[in-house]
Every structure is written in C-alpha cells, then in structure tokens.
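Read the structure below first, then the notes.
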Amino acid sequence: MSIRFNFGGDEHIFGEVSEEMSLTSFFTGLSMTNAVRTAGIRGVTEICPANASFQIRFNPDIVKPQDLLSELKSMEEAASKADPVLKTRIIELPVYFQDPWTRETCLRFRERHQDPSSTDLEYSARINGYATVEEFITAYSGQPWFVSMVGFVAGLPFLYQMVERKKQIQAPKYLRPRTDTPKLTIGHGGCFAAIYSVRGAGGYQMYGITPAPIYDPTRKVRYLADDMCLFKPGDIVKFKAIGRDDYDATLEEIEANRWQPTVRECTFSLKDFNSDIYGTNAKLMELINGR
Amino acid sequence: MAVKVISPGLSTSVQDLGRPGHYHVGIPEGGGMDRFATRIANLLVGNNPGAAVLEATFMGPELEFTQSAVVAVTGGELPPKLNGEERPTWESFPVKAGDRLSFGFLKGGARAYLAVSGGIDVPVVLGSRSTYILGALGGHQGRTLKAGDELPLGEGSGKAGLSLPANLRRAGNSPAELRMLPGMYWHRITEAAGNRFFEETWKVAPEADRIGYRFRGGTPLEFVEREQPFGAGSDPSNIVDACYPYGSVQVPSGTEPIVLHRDAVSGGGYMMLGVVISADMDLIAQLQPHTPARFVPVTLEDALAARTEQRAALARAEGHLAG
C-alpha cells in the first residue's frame, strides 16, 4: 500500500492512505502525522489526521513544497511498517438513545429521509439486519469506537466501531441535509458515528443524545477547562446506554459542574486487536468497569 | 473607552489575522476574509497589522464612539459617513466622543474592514480575537454584533489623513478569475467534465459566507464509474471523510462547487477537484452573489509565483504607508 500524495493548492499536502476506510489505514495516517509532529519541520502550521488520510498545511515561504513532500515520502515506509501500538485512553460516554429531542427533529425533517414512514433508528436497524431497535442499540453501545478524525466543526468526533467489517453498521446520509440537529446528538453516516458538538445543519441519521458537553469555547465545564475539545484522534470511546432518569440526573450533575466522564489510560495494539477483536475490546472495557 | 453598536449591519464580526494551529480539532484559522484589506486598515490607523478590526458584510453597521480615535475603512467600497457626512475609504480620519459612524450603500466588493486606532480589544482566545461564529468562539461573545453591544478599544495613537492610493490596492476583474491547482480527487471526474469545469462561467450563489462560497450555473459533473469504497457513502461525489484544505473546491453530488474560506469546515465526505491558490483567497472575499466567475487551472509553480507577487504588492503598500 502506498500513500497517494497530492498538493492541495500552495499551502497543503494531502495524503490518502486508502480510498476505503479501515483501522489499518487510520493507523498509518496517524503514524504519519505523529512522525511529522515529532520531526518539528519548520514551516508546518497544521497537522491533521483523518479517517484514511491526512493533511499537512505549510507556509511555502518557509519550506519549499517539494522539499516537504520528499520529507513526508521518506517517513512513509516507517509509518506503514510500524507495529501500530498506541498509548491512548478510553472514555465512557453516557448516551440516551431514543430520546425525545432527536425523535422530534427526526419527525420534523421526515420528507428529507429515505424512508419517511419510519424513524432513523427503525430504518437503520432494519437495513443493518437487526430485528428490533433495542438489538441495534445493544450492538451500537456494546463495542467501543475509535475516534478516527475530529473536525467538520469544532470538536466533532468521527467514530469508527472496533468490530470486523461485516459487523460495521452502515447508513446513508439524509437525502437532503436537515437545517437543524440538536446539540450533542449521536448521529451516523456511512460507516461513521459522529457526535454533533454544536447545534446546526446535518445529514447523519440521529439515534440519541449525550448529556455530556464535548466542546466548550468558554472552558467553564470542569473537564474542558484545559482543552476546549474533549476528543482527539486516537481516543477510544465506549457508549453507555442510559435512560431518561440517568440522563436527567447526569445533566443535573453537569449543570452543577460536578460531573466528569470516566477516562482510563490504555495501550492499543492493532496486531492484538486483529488477532482477537472481542477479547481486546473486553480488556479495554474492563478498564472502564473495574473502577 | 469603547465603540457602541447602534445597528449591526447584516453580518458584522470582530476579525484579525486568525488562529492557525487548531484545524485538527475542527477549529478553523478564521480571521478577516480579505487579509490584505485587514492589514492595510490596521496600518492606516497606526495599529499592528494583526490587530482586531470589524468585518462588515454587504451592509455597514452604525456605531457610536465614546472616545476620540482614528479610523479607516478598506476592502469593498462601502462609503463611511461620519455624523451623516461622507468620508473616503482607504484613508484614516479622526472621530470624537459622541460621533456616529454609519455607511452608505455598497458600491463594489462584498466586505469592508473598519480599523480603529488601538484595535478592538476583545479577549484573545487560542491566540486570536477572531470570531468563529459556528463554534461560538472568540470575537465579541462568539457571535456577530447586535445592537447594544459595546466593544472595548485598546490604546492607540494613529494619525489622520494617511491613505493608500488606488494603484496600490488590488483590482478585481470580471468575470472573476479564480486560479486553482487541480488535484485532490480530480481523477474522479471524466476528462470532458474537467474541461467543461474550466471553460464554463459560473455565478456566485446566495450561499456565500465566511465558511465558503457556492457557485452555480455550470454543467453537472460526470464521474468516472467505480464501485464506491467501503465507508465512503453511495453518491459518486462521496469519499471517506477527509480533511478539507482552505480554498478547496468540493462539488457535492457533482452540481454546485463550494470553495471553502477562512471559517472552513475542516473535513467531510465530498470529493474535491483541487484548491484555489492562496493568492486568490482575498479576491473571493470580495465577490457578491450573482457575480460571474471562472476557475482557471494553474501549476504549483504558477501558484508560488502568484504568492510572491502578492507579497510584493503587500510590501509596496506597506512601504508607502511607512514612508
């Protein structure tokens, strides 16, 4: 596999690891961006990993585009050979699935949906072969997810579930984007989940809502005082399905600024994961549960 | 020690030269869309070129000063009026406590920049005073201005009567020519579609803001057939969500190109045909809806030469103001 490099105008280099999504491609992209960061190349201004690609922004008055490209190419071999072991963290995020707010929004924009006669959850459960919405939610919240990219808008994570490809949940985006999505909606488009960090337009199927802020430009939320965005590429996220009572109780704690998510340091090896997906995930989830 | 907002205009926000370094978490660089006009407005009133100014879109605000200062308006031709009396653009002039500054109708361009000596002194967030509206970050309370807002001013000492002559400003052309380096996912469209994309004249759509500029009026793109890669989505214009460069030209469903600007969404699932070169980003900031525009293919060498030329033009303007 070789990275497809491309100049994005005179200020960006774009590297596509693969056209399709896979954890291996994500890790190669992450290794590349980590290597660029470590190298501390003069003139590099932004280092952005994405799902199966990455982007480097630079100032061509400081570093010649062709020189930077050569330097990136020289890192490629090491990045794609590296036994991907990542020191990262697992974060548990409470999610109220089938909540009244995303449901109301979903009904309001029904005519923009593939299947106006069912809800986003009913539709997604059906096309992914789940008999009930409850089984779908169990699959959604039963295995952890990788933050494979942060962006679109401030702090919005794209999440890729840590299961084999045939178990990946897939859903198309709305036929025409909605003009509204509640803040902190858990959405799904293609093979990616996303958490809407701010209220706004969106095209992803909507499944639930988390009470936990993930972006705070005012930095008043205690766990967002240092970094206003909760998520970084490479983080692992486990959704914890909660009901209305838990949602309300958590929200009350958050409003009093007493709550924070459960976060545990962990090490992730892609090789171990590929040889035993569910065993690796079980160990990760024990870190969260064994408090 | 402030500027009071009597009426905000259509969309007026505090901007400076932006906050690079946070694009990987989705926070765009931001800053004045027309960076040349932002810098020159500041220099005309004796500020550092990166001080915070007001960026007014299509329509100017009405403001009242509570102290004397020196101000200057650059960018689009939005004629300032002091207590109802017209003042020149691209030239600094004094204001006193109690004076009201308003604007006439826009005569050219799309965005005007108002610098006040001392700069607009809102808090610095992540290294910049720019307003990132989508993320409610920076600027004045993270949003565009509203009637009743009061903006604090820094300490300044500008002198009135400084001006930048027309030959040192950048002239627009019609149709606007946006030079672009083809690439990114260019291979996704057919050769005929690629040729047509550059041959046709497009028009700026009403959806044109700090995030991006949409264009319409051209022929929908034909895509090279393929089986969509896993995770990309079913539309031929879909890709596995990737980063979007500033200036990148995405074409959702192959119909209307969108050029991302200073408040770009940092990534997403639409293929891009290439990227508008850095030297032409200011030009986009001054395009009104319905303006005809063409995309012109250039090489990386052309893009770098244009960048050098743009820096030289800025240096000439700065030299004039310093001399």
Tally of residues being facing chain A (nearest Cβ under 7 Å) and in a loop (DSSP other than H, G, I, E, B) across the stretch B:233-242
2
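Condition test on residue A:154, is it at negative phi, within 19 Å of the chain's Cα centre (by Cα), within 12 Å of chain B (Cβ to nearest Cβ) and touching a residue at least 24 places away in the same chain (Cβ under 8 Å)? Before the answer, list the steps.
Numbers: at negative phi: yes; within 19 Å of the chain's Cα centre (by Cα): yes; within 12 Å of chain B (Cβ to nearest Cβ): yes; touching a residue at least 24 places away in the same chain (Cβ under 8 Å): yes.
The answer is yes for residue A:154.
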Residues of the stretch B:72-100 being more than 17 Å from residue B:161 (Cβ to Cβ) and of a type in the set (A, V, I, L, M), which ones?
B:78, B:97
Return the residues of the stretch B:1-13 that are surrounded by fewer than 24 Cβ atoms within 10 Å (Cβ to Cβ) and either among the aromatic types (Phe, Trp, Tyr) or not in a loop (DSSP other than H, G, I, E, B) (or both); say none if nothing qualifies.
B:2, B:4, B:5, B:6, B:7
Those residues that are crowded, with 18+ Cβ neighbours inside 10 Å and among the hydroxyl-bearing types (Ser, Thr, Tyr), I need them from the stretch B:276-315; list them, please.
B:278, B:291
Enumeration of residues in the stretch B:71-109 that are touching a helix residue (DSSP H, G or I) at 6+ places or on another chain (Cβ under 7 Å) and more than 16 Å from residue B:158 (Cα to Cα)
B:75
Is it the case that the stretch B:237-248 has a residue that's surrounded by fewer than 21 Cβ atoms within 10 Å (Cβ to Cβ) and without any contact (Cβ under 8 Å) to a residue 40 or more places away in the chain?
no
Cβ-Cβ below 6 Å, separation at least six or inter-chain, first residue in the stretch B:14-39 and away from chain A (no Cβ under 14 Å) and within 22 Å of residue B:150 (Cα to Cα), second surrounded by 24 or more Cβ atoms within 10 Å (Cβ to Cβ) and acidic (Asp, Glu): which pairs?
B:15/B:55; B:32/B:55
With the requirement that a residue be touching a Ser or Thr at 6+ places or on another chain (Cβ under 6 Å) and in a loop (DSSP other than H, G, I, E, B), what does the stretch B:106-160 give you?
B:131, B:138, B:139, B:144, B:145, B:147, B:156, B:158, B:160
Which condition does residue B:163 not pass, out of (1) surrounded by 15 or more Cβ atoms within 10 Å (Cβ to Cβ); (2) small (Gly, Ala, Ser); (3) touching a Ser or Thr at 6+ places or on another chain (Cβ under 6 Å), if it passes all the others?
(3)
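Would you mind listing the strands (runs of 3 or more DSSP E) fully within the stretch B:243-315 where at least 3 residues are modelled with pLDDT of 95 or more, away from chain A (no Cβ under 11 Å) and within 18 Å of residue A:10 (Cα to Cα)?
Numbers: elements: B:248-250, B:258-260, B:267-270, B:272-276, B:292-297.
The qualifying strands (runs of 3 or more DSSP E) are B:292-297.
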State whether the residues of the stretch B:190-199 include one that is in contact (Cβ under 8 Å) with a residue 60 or more places away in the chain, in a strand (DSSP E or B) and crowded, with 23+ Cβ neighbours inside 10 Å.
no
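The values are calculated or read from the model by the stated rules, or taken from the named source; none is laboratory data. Everything numeric here is computed off the predicted structure, so don't read it as measured data. A quick note on method: Cβ atoms are made from the backbone with ideal geometry, for glycine too, and the neighbour counts reach across all protein chains shown.
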